[in-house]
Amino acid sequence: MNTLLPVAEARARLLSLAAPLPPENLATAEASGYFLTHHLKSRVTRPEGDTSSMDGFAVRAAEIEGPWRLVGESAAGRPLDRPLGSGEAARISTGALLPQGADAVVIKEDCDCSGDRVELSGSPPSPRTRYVRQAGSDFAIGDTVLEPGTRIGPAQIALALSAGHTHLPVRRPPRIVLIDSGDELCAAGCEPERGQIYASNGPMLAAMLAPLPCEVERVGPLPDSIDALANAIGAASSADIIVTSGGASVGEHDLVRPALENVGAKLDFWRVAVKPGKPLLVATQGKQVILGLPGNPASAYVTAYLFLLPLVRHVLGALDPSPRVIPARLESPLPKAGVRAEYLRAKWDGNTVAPVRTQDSGALAALAAANALIVREPGDASVEPGDTVFIHLLENGAIA
Ligand SMILES: Nc1nc2c(c(=O)[nH]1)N[C@H]1C(S)=C(S)[C@@H](COP(=O)(O)OP(=O)(O)OC[C@H]3O[C@@H](n4cnc5c(N)ncnc54)[C@H](O)[C@@H]3O)O[C@H]1N2
Ligand code: MOO
């Protein structure tokens, strides 16, 4: 138990402890943030027929030079009820079906219309079908429009509704209990005594989880007592995931491990080769996964980002639950990396990235000033300004 697990191995081990949660159907409009369990086949063809992409006149492509006789209108939702004959044009709006016999659209700006006579005043469309959306060009009935494991966001909601799905198959949101513990902690709004600090990890973790579908309950702050911790863990028996923060290290008041022992939870691993966050511990109790995050705020943040969020995405059915890195240009030099993977709190301006002024894992002002994490793999060589490093973008793509 003394060796430090590499990050990827620890994460794989953590994810293997939890199966995706049972499926349920959810109203499509409510499904933002969930992951699809099955592929989704369209119940309709879109567009159902050839449709205009512009306001103008529907005509025959073979008669693209005009002039034409105006015989009616095809509006969105109110198609023309007769076919278009030779030499005829129909006024057409964006999104309206082309009348039978029409296969081109001349835009309004390129036409003069007087009474029932329409003439070309500008250029004809090139190619002639430029403003026609072909039937089924978006998708056809029976097409798979979304794959299993897809994260449902605004565009996927619009697509699923347009494909005729009022409900979507997703996985039940996990129930997550977040426990703050430590004698030094007082809850927001209290008057801290000498040596006390405000408990902030629980609310921080809840905010990190907010974009994911889950039911979060916060408990604490609890005193440094094995019984208090064991009782809270015992009371959370219906939770899928329990997250503690603090008390994970080796101090006399670090009581998460004894409390887990007390409730009969099985320790799976303790200590990961990660900086910050080394004392991370993971245990199970039946199907329940218990994550003991380190107490230092930056350590809790980084380990939640690297382990808790992927675990939640995994039980929600994400196929690729781990956070991605992107390359970025470094602004200031970095020394050779150590034996633990390091996640430097950093500021990325869209072009270059630089570590924030302190990497102290207790420093909240520095954590809050960061919008990215620079990843330094164990043993990475020193790097100079202009070199490429890999970063995780935090929160909303790091855009304020
Ligand atoms: N002798 C050693 N000491 C430490 C080691 C070690 O290996 N040997 N590891 C260090 C590392 S790395 C970390 S990280 C910390 C983490 O320790 P714990 O998980 O036991 O956390 P605590 O000691 O309980 O608290 C650390 C720090 O964080 C504050 N804290 C805790 N909970 C909250 C909360 N809910 N909200 C805000 N702040 C919180 C706490 O007050 C402490 O200041 O251990 C090192 N020590
Ligand atoms: O590695 Mo600990 O998580 O920084 O302070």
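The values are calculated or read from the model by the stated rules, or taken from the named source; none is laboratory data. Owing to the predicted nature of the structure, the values given are computational and were not obtained by experimental measurement. Please note: Cβ atoms are built from the backbone with ideal geometry, for glycine as well, and neighbour counts cover all protein chains shown. Only protein heavy atoms, including side chains, enter the accessible area calculation; ligands, DNA and RNA are left aside. Shrake-Rupley method; radii C 1.70, N 1.55, O 1.52, S 1.80 Å.
Close amide H partners of D50, meaning residues 5 or more places away or on another chain with modelled amide H under 5 Å apart, are L98, A135. Taking 7 Å steps out from each Cα toward its Cβ at D360 and S238 produces label points 4.3 nm apart. Cβ distances below 4.7 Å define possible disulfide partners, and in the chain the cysteines left without one are C111, C113, C214.
In whole Å, what three semi-axes, largest first, describe the equivalent ellipsoid of the chain built from its Cα gyration tensor (square root of 5 times each eigenvalue)? List each step's numbers first, then the result.
Details: eigenvalues 681, 129, 63 Å².
So the equivalent ellipsoid measures 58, 25, 18 Å along its semi-axes.
Hey, got the dipole for segment 51-133? About the Cα centre, +1 on K and R Cβ, -1 on D and E Cβ, debye to the nearest 20?
Numbers: 10 positive and 12 negative charges, 51 e Å.
With only Lys, Arg, Asp and Glu charged at Cβ, the dipole is about 240 debye.
Segment V250..Q134, full-extension length gain: 35.1 nm, with 0.36 nm per residue of separation and the alpha-carbon distance subtracted.
Look at the dipole of segment 258-400 built from charges on Cβ: of A328, A365, A259, the Cα furthest out on the positive end belongs to A259.
Computed from backbone phi with θ = phi - 60° and the Karplus coefficients 6.51, -1.76 and 1.60, the 3J(HN,Hα) list for segment 10-26 is 4, 5, 4, 5, 4, 5, 5, 7, 10, 8, x, 6, x, x, 8, 9, 10 Hz; x is used for glycine and proline.
Over the chain, Cα pairs under 8 Å with separation of 6+ residues give a relative contact order of 16 percent.
Loop only per DSSP, at most 15 neighbouring Cβ atoms within 10 Å: give me the GluC sites (Glu not before Pro) in segment 195-254, ordered by residue number. Within segment 195-254, the qualifying GluC sites (Glu not before Pro) (loop, at most 15 other Cβ atoms within 10 Å) are E252.
For K336, the aspartates and glutamates whose Cα comes closer than 13 Å to its Cα, not counting residues fewer than 8 places off in the same chain, are E377, D380, E384. Computed from point charges on the beta carbon alone (+1 for Lys and Arg, -1 for Asp and Glu), the dipole magnitude for the chain about its Cα centre is near 660 Debye.
At a Förster radius of 56 Å, what calculated FRET efficiency corresponds to the Cβ-Cβ distance of Y198 and R117, to the nearest 0.05? The partial results should precede the final answer.
Numbers: r = 77 Å, r/R0 = 1.38.
It comes to 0.15.
Taking every protein chain into account, the 1.4 Å probe leaves C190 with about 40 Å² of accessible area, to the nearest ten. Using the Karplus relation 6.51 cos²θ - 1.76 cosθ + 1.60 with θ = phi - 60°, the per-residue 3J(HN,Hα) values for segment 307-321 come to 10, 5, 5, x, 4, 5, 4, 5, 6, 7, x, 5, 7, 10, x Hz, with x marking Gly and Pro. Rounded to the nearest Hz, the phi-derived 3J(HN,Hα) couplings of segment 293-298 under the Karplus curve 6.51 cos²θ - 1.76 cosθ + 1.60 (θ = phi - 60°) are 8, x, x, 4, x, 5, where x marks glycine and proline. What lysines could a cross-link reach from K287, if we take a straight Cα to Cα line under 19 Å and drop same-chain neighbours fewer than 8 places away? The qualifying lysines are K266.
In this structure, the amide hydrogen of L178, modeled 1.01 Å from its nitrogen in the peptide plane, lies closer than 5 angstrom to those of E217, R218, V219, V243, counting only residues at least 5 positions away or on a different chain.
Highest mean packing first, where packing is the average number of other Cβ atoms within 10 Å per residue, the peptides 236-248, 114-126, 362-374 line up as 236-248, 362-374, 114-126.
Roll a 1.4 angstrom probe over the protein heavy atoms and tell me the percent of accessible area of segment 51-133 that is carbon or sulfur. Numbers along the way, then the final one.
Working: 1840 of 4220 Å².
So the carbon and sulfur contribution to the accessible surface is 44 percent.
Would you work out if segment 51-133 is rounded, prolate or oblate? Take a ≥ b ≥ c from the square roots of the eigenvalues of the alpha-carbon gyration tensor; rounded if a/c is under 1.5, else prolate when a/b is larger than b/c, oblate otherwise. Rounded, because the longest to shortest axis ratio a/c is under 1.5.
Roughly what % antiparallel, to the nearest 5, for the DSSP beta bridges in the chain? Of all bridge pairs located within the chain, approximately 65 percent are antiparallel. Summarising the amide proton neighbourhood of V353: residues at separation of 5 or more, or on other chains, whose placed amide H is nearer than 5 Å comprise R329, L330, E331. The modelled label-to-label distance for the pair D349/T388, using points 7 Å beyond Cα in the direction of Cβ, is 2.2 nm. Estimated from helical segments only, the mean residue ellipticity of the chain at 222 nm is -4500 deg cm²/dmol, where each DSSP H run of four or more residues counts as -39500 (n - 2.57).
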